[in-house]
Amino acid sequence: QTLVFFFTLALAALWLAEGRERRRPGWLLVYGLALGAALLTKSVIGGLILPIAFIWLLILGPRRLRSPAFWLGSILGLGLFALWAVMNWRQGGQAFLDEHFAWLILDRAVHDAGEPGWGFLLGYLKLLGENLWPWLPFTLAGLFLALRAWGRGNRSAAALLTVWVLLPPIAMSPPRNQLPRSPPP
């Protein structure tokens with residue numbers, strides 16, 4: 001739930017900064033802090049905010065990617081995560097790098113058993129279907145409404161919602177480590 005909060009806060013701040021006719025670049029500071037908090041909460045998974053933001057701004061127009069405030073906010077968030085990584089590396093040395101980056105992120109994504117054969121590519125979508133009830137129908141309805149709004153000319157909001165809904169499942173499907181996460185009892 002903490003990751004969802006920071007993810008939503010980052011994208012809402014990005015929307016307030018860039019998604020409306022009257023831009024408010026000050027919100028990009030909140031975006032950067034929320035990005036950093038999401039990265040600190042769930043490491044690489046929290047970093048999915050960056051490609052969502054990048055793709056959304058690209059859809060709105062490549063000139064939006066020239067916003068110095070967007071890049072400063074992104075660097076702020078990445079800097080917070082880098083500060084945490086450096087502090088842990090200074091404490092744990094190579095063991096930290098081996099455990100966090102090599103094993104936790106790379107090895108588990110590539111070498112865990114997952115679904116046999118090429119079925120793992122749809123494994124995450126299968127997990128979403130099995131574990132997101134009753135929210136999956138609402139998500140699909142929201143995606144439908146966002147696409148309809150896009151067709152009616154409300155490109156900015158519709159594009160953000162569409163990218164936000166589609167990118168995480170697409171990004172999470174290739175790794176082999178696809179386990180349902182249940183809250184602790």
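The values are calculated or read from the model by the stated rules, or taken from the named source; none is laboratory data. Predicted, not measured: the structure shown is a model, and the values here were computed from it. Neighbour counts run over all protein chains shown; Cβ positions are idealised from the backbone, glycine included. We work out accessible area using only protein heavy atoms, side chains counted, and drop any ligands, DNA or RNA first. Shrake-Rupley method; radii C 1.70, N 1.55, O 1.52, S 1.80 Å.
Report, ordered by the first and then the second residue, all pairs with beta carbons closer than 9 Å, sequence separation of six or more or different chains, a first member in the stretch 132-149 that is under 17 Å from Gln1 (Cα atoms), and a second member that is in a helix (DSSP H, G or I).
Leu132/Thr139; Leu136/Leu128; Leu136/Gly129; Thr139/Leu128; Thr139/Val165
Do we have Ser74 as in contact (Cβ under 8 Å) with a residue 60 or more places away in the chain, in a helix (DSSP H, G or I), of a type in the set (S, T, N, Q) and surrounded by 14 or more Cβ atoms within 10 Å (Cβ to Cβ) here?
Judged against the criteria, Ser74 is not a match.
In the stretch 16-23, is there at least one residue being small (Gly, Ala, Ser), under 18 Å from Arg63 (Cα atoms), modelled with pLDDT under 95 and in a helix (DSSP H, G or I)?
Scanning the stretch 16-23, I find at least one residue that is small (Gly, Ala, Ser), under 18 Å from Arg63 (Cα atoms), modelled with pLDDT under 95 and in a helix (DSSP H, G or I), so the answer is yes.
Let's see how each residue does on (1) modelled with pLDDT of 90 or more; (2) farther than 30 Å from Asn154 by Cβ; (3) within 16 Å of the chain's Cα centre (by Cα); (4) of a type outside the set (Ser, Thr, Tyr):
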| site | (1), (2), (3), (4) |
| --- | --- |
| Phe54 | yes, no, yes, yes |
| Leu60 | no, no, no, yes |
| Gly73 | yes, no, yes, yes |
| His100 | no, yes, no, yes |
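Of all residues in the stretch 138-161, which are open to solvent by 60 Å² or more (accessible area, probe 1.4 Å) and part of a helix (DSSP H, G or I)?
Phe138, Leu140, Phe144, Leu145, Leu147, Arg148, Trp150, Gly151, Arg155, Leu161
Could you grab me the full set of residues in the stretch 9-38 that are under 17 Å from Trp71 (Cβ atoms), open to solvent by 40 Å² or more (accessible area, probe 1.4 Å) and not hydrophobic (A, V, I, L, M, F, W, C)?
Once the filter is applied, which keeps residues that are under 17 Å from Trp71 (Cβ atoms), open to solvent by 40 Å² or more (accessible area, probe 1.4 Å) and not hydrophobic (A, V, I, L, M, F, W, C), the stretch 9-38 yields Arg23, Arg24, Pro25, Gly26.
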